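The values are calculated or read from the model by the stated rules, or taken from the named source; none is laboratory data. Not measured: the values here are computed from a predicted model. Every residue, glycine as well, gets a Cβ built from its backbone with ideal geometry; the counts of neighbours run over all protein chains shown. Ligands, DNA and RNA are stripped out before the accessible areas are found, and what is left, the full protein with its side chains, is counted by its heavy atoms. Shrake-Rupley method; radii C 1.70, N 1.55, O 1.52, S 1.80 Å.
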Amino acid sequence: MDQYNENHASLKDIEQILFRALQQTFSRILYQLLVNLDQHLAESRDKRRFELYDKRKISLETTLGNVSFVRNYYWDRKSQGACFPA
């Protein structure tokens, strides 16, 4: 039977290709979700309390792979410290 399948991907190869494609797709979705969440926090924060201080690159190691994005970093006027507000 193998003589007929020499030029074709095995089921395992197809599964691995599909799994990598899904990882990449969901990684991009997670990236976009995190960027949108950070933007929502920036727009809805208490601007009298939290002042934009810096933008920092964040890297998260996930089951989908490494996801990196730039996140807003704020100065908290109340506690007099820098933070990522939740």
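What single numbered condition from (1) touching a residue at least 12 places away in the same chain (Cβ under 8 Å); (2) out of contact with any Lys or Arg (no Cβ under 8 Å at 6 or more places or on another chain); (3) open to solvent by less than 100 Å² (accessible area, probe 1.4 Å) fails to hold for residue 10?
(1)
Could you tell me which numbered condition residue 38 fails, if it satisfies all but one of (1) modelled with pLDDT of 95 or more; (2) assigned to a loop (DSSP other than H, G, I, E, B); (3) of a type in the set (Asp, Glu)?
For residue 38, the exception is condition (2).
Within the range 25-77, track down each residue that is among the basic types (Lys, Arg) and touching a residue at least 12 places away in the same chain (Cβ under 8 Å).
The answer is 45, 48, 49, 55, 56, 57, 71, 77.
Is it true that some residue in the range 51-74 is of a type in the set (Lys, Arg) and open to solvent by less than 80 Å² (accessible area, probe 1.4 Å)? Let's see the steps before the verdict.
Here is the first cut: in the range 51-74, the residues of a type in the set (Lys, Arg) are 55-57, 71.
Next cut, open to solvent by less than 80 Å² (accessible area, probe 1.4 Å) only: 71.
Looking for residues that are of a type in the set (Lys, Arg) and open to solvent by less than 80 Å² (accessible area, probe 1.4 Å), one finds at least one in the range 51-74, hence yes.
Could you count how many residues in the range 37-50 are small (Gly, Ala, Ser) and surrounded by 11 or more Cβ atoms within 10 Å (Cβ to Cβ)?
1
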